[in-house]
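**Student:** Below is the structure I would like to discuss, written out as structure tokens.
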Amino acid sequence: MSTIKRTGTRELGPTGRPLPRLPEPRTLHRHGPARVIAMCNQKGGVGKTTTTINLGASLAEYGRKVLLVDFDPQGALSVGLGVNPMKIDKTIYNALMEKRVSADDVLLKTNVVGMDLLPSNIDLSAAEVQLVGEVAREQTLKRIIDPVLDDYDIVLIDCQPSLGLLTINALTAAHGVIVPLECEFFSLRGVALLIQTIDKVKERLNPQLELEGILATMYDGRTLHGREVLARVVEAFGDKVFHTVISRTVRFPDATVAGEPITRFDPASTGAGSYRELAKEVLERWRQAERAGPVRAG
Ligand code: ADP
Ligand code: MG
């Protein structure tokens with residue numbers, strides 16, 4: 001890529017830092033319990049759903065058992081995996097609202113081996129209102145997914161673009177948060193609000209919650225603007241920013257239309273390669289954290 005410069009023996013990545021050498025993920029001989037990650041940003045169109053699908057598919061390629069949770073009433077994650085959300089009998093909404101419906105009743109297999117989906121559709125928008133009157137309304141999603149955590153290595157929750165009750169449920173159920181940020185426009189205030197929300201949930205509802213990392217998306221290294229925005233993101237968040245950066249390419253919308261992860265739709269593309277790198281980086285971060293202390297390492 002044009003943005004990678006060589007300095008001595010170490011390559012500088014697009015974030016301006018030396019690129020780490022990421023090892024091939026180790027083979028897992030047993031699975032679970034899963035580490036739960038919420039994909040979160042109250043801004044729409046930043047790559048949450050695309051990252052959920054493609055990070056999930058890449059982790060599955062590395063032998064991880066993955067569960068994707070569509071927690072946006074728009075159902076874009078379900079659609080992006082070739083599911084017609086209006087044609088499915090039960091969605092995560094039923095599991096949230098009906099005592100007798102469990103995650104297992106709603107689970108679908110995707111076209112990626114080792115990756116399952118809890119689908120949603122527009123019904124989920126009613127849950128936001130209906131849950132308000134419930135006791136422990138913030139813990140509803142956690143109650144649904146906790147019983148299946150032993151079956152997976154990683155659960156990725158695709159959040160809706162808001163900081164409302166559904167997103168609070170996702171943050172309460174999660175161990176970590178990944179924040180995709182588009183390299184088009186950087187609003188420090190917007191991210192600050194998100195970080196405040198994460199801190200509040202950590203303090204009041206979920207002490208284990210960590211900001212896992214910031215992912216730069218829709219990057220165009222050919223423009224000064226793109227490079228400047230990325231530099232500001234790194235200035236603001238330092239090592240929290242993943243070394244892996246997702247470039248802007250039309251192959252992502254194309255894959256969405258095809259209802260497939262890019263890793264299947266165009267396995268040799270740069271986009272597919274980037275999400276595989278991200279999967280390796282995420283797994284390596286967990287491996288290093290696990291060395292430092294107990295953590296669910298996927
Ligand atoms: P969000 O879930 O945050 O709303 P999406 O993942 O749905 O964002 O992405 C919004 C749109 O941008 C989709 O049409 C998607 O296909 C497209 N898109 C996502 N990532 C990229 C990328 N790296 N380059 C180009 N288009 C992308
Ligand atoms: Mg989305």
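Any read-out appearing in this document is the output of simple, stated calculations on the displayed coordinates, not a laboratory observation. Since we're looking at a predicted model, the values are computed, not measured. FYI the Cβ positions are ideal-geometry reconstructions off the backbone, even for glycines, and counts take in every protein chain you see.
**Student:** How much FRET efficiency would the formula 1/(1 + (r/R0)^6) give for residue 224 and residue 287, where r is the Cβ-Cβ distance and R0 is 35 Å, rounded to 0.05? If you can, show how the numbers build up before the last one.
**Tutor:** On the way: r = 36 Å, r/R0 = 1.04.
In this case the efficiency is close to 0.45.
**Student:** Continuing with the same structure: Can you compute the helix-only [θ] at 222 nm over the chain? Use -39500 (n - 2.57) per DSSP H run of at least 4 residues, normalise by all residues, nearest 500 deg cm²/dmol. Provide the component values of the computation, followed by the final result.
**Tutor:** Working: 12 runs with 118 residues, N = 298.
Result for the chain: -11500 deg cm²/dmol, rounded to the nearest 500.
**Student:** Follow-up. Which helices of the chain meet both criteria: a Cα extent of 27 Å or more along the helical axis and a mean Kyte-Doolittle score no lower than -0.5, with helices taken as whole DSSP H segments? Could you put the intermediate results ahead of the total?
**Tutor:** Working: long enough: 270-292 (33 Å, -1.08).
In the chain, no H run is both long and hydrophobic enough.
**Student:** Can you give me the Rg/Rh ratio for region 103-220, using Cα atoms for both radii and the Kirkwood formula for Rh?
**Tutor:** Working: Rg = 15.4 Å, Rh = 15.8 Å.
Ratio value, two decimals: 0.97.
**Student:** I would also like to ask the following. Name the long-range amide H neighbours of residue 122: under 5 Å, sequence gap of 5 or more, or other chain; modelled H, no Pro or chain starts.
**Tutor:** Here the answer is none, since no amide H 5 or more places off falls under 5 Å of that of residue 122.
**Student:** Further question: Pairs of alpha-carbon atoms within less than 8 angstrom and 6+ residues apart define the contacts here; what relative contact order does region 30-292 have, in percent? Spell out each step's value before the answer.
**Tutor:** Numbers: 506 pairs, mean separation 67.4, N = 263.
Contact order relative to length: 26 percent.
**Student:** Give me the net charge of residue 85's neighbourhood, meaning all other residues with Cβ under 13 Å from the Cβ of residue 85; Lys, Arg count +1, Asp, Glu -1.
**Tutor:** Working: positive: 87, 90; negative: 70, 72, 89, 123, 158.
Summing Lys and Arg as +1 and Asp and Glu as -1 gives -3.
**Student:** How are the C-alpha pair distances of region 1-144 spread across 10 Å bins, as whole percents from the shortest bin up?
**Tutor:** 10, 32, 31, 16, 9, 2, 0
**Student:** How many angstrom lie between the Cα centre of region 222-298 and the Cα centre of region 124-198?
**Tutor:** Here the answer is 20 Å between Cα centres.
**Student:** Related question: What list of ³J(HN,Hα) values in whole Hz, one per residue of region 84-94 in order, does the Karplus curve 6.51 cos²θ - 1.76 cosθ + 1.60 (θ = phi - 60°) give from phi, with Gly and Pro shown as x?
**Tutor:** 8, x, 7, 9, 9, 6, 10, 10, 4, 4, 4
**Student:** Length gain on complete extension for the stretch residue 258 to residue 130, per 0.36 nm per residue less the alpha carbon to alpha carbon distance? Could the numbers behind the result be given before it?
**Tutor:** On the way: separation 128, 0.36 × 128 = 46.08 nm, distance 3.40 nm.
Length gained between residue 258 and residue 130: 42.7 nm.
**Student:** Over all distinct Cα pairs, what is the inverse of the mean 1/r for region 249-295, reported as the Kirkwood hydrodynamic radius in Å?
**Tutor:** Values: mean 1/r = 0.0838 Å⁻¹.
In region 249-295 this quantity evaluates to 11.9 Å.
**Student:** Can you pull the Rg over Rh of the chain, Cα-only, Kirkwood? If you can, show how the numbers build up before the last one.
**Tutor:** Numbers: Rg = 18.3 Å, Rh = 19.3 Å.
Over the Cα atoms of the chain, Rg/Rh equals 0.95.
**Student:** Can you list the residues, at least 5 places off or on another chain, whose amide H is less than 5 Å from the amide H of residue 68, using H built in the peptide plane?
**Tutor:** Here the answer is 116, 117, 118, 156, since their amide H atoms fall under 5 Å of that of residue 68.
**Student:** Can you order the peptides 46-59, 73-86, 224-237, 119-132 by their average number of other Cβ atoms within 10 Å per residue, highest first?
**Tutor:** Values: 46-59: 27.2, 73-86: 20.6, 224-237: 16.5, 119-132: 18.4.
Descending mean neighbour count gives 46-59, 73-86, 119-132, 224-237.
**Student:** Determine which lysines satisfy two conditions relative to residue 240: a Cα distance under 27 Å, and not lying fewer than 8 residues away in the same chain.
**Tutor:** Within the straight-line cut-off, residue 240 pairs with 5, 43, 48, 65, 142, 200, 202, 280.
**Student:** Also, I was wondering about something else. Step through the residues of region 78-83 one at a time and calculate ³J(HN,Hα) from phi using the Karplus curve (6.51 cos²θ - 1.76 cosθ + 1.60, θ = phi - 60°), rounding each to whole Hz and writing x for Gly and Pro.
**Tutor:** Running phi through 6.51 cos²θ - 1.76 cosθ + 1.60 with θ = phi - 60° gives 4, 4, x, 10, x, 9 Hz.
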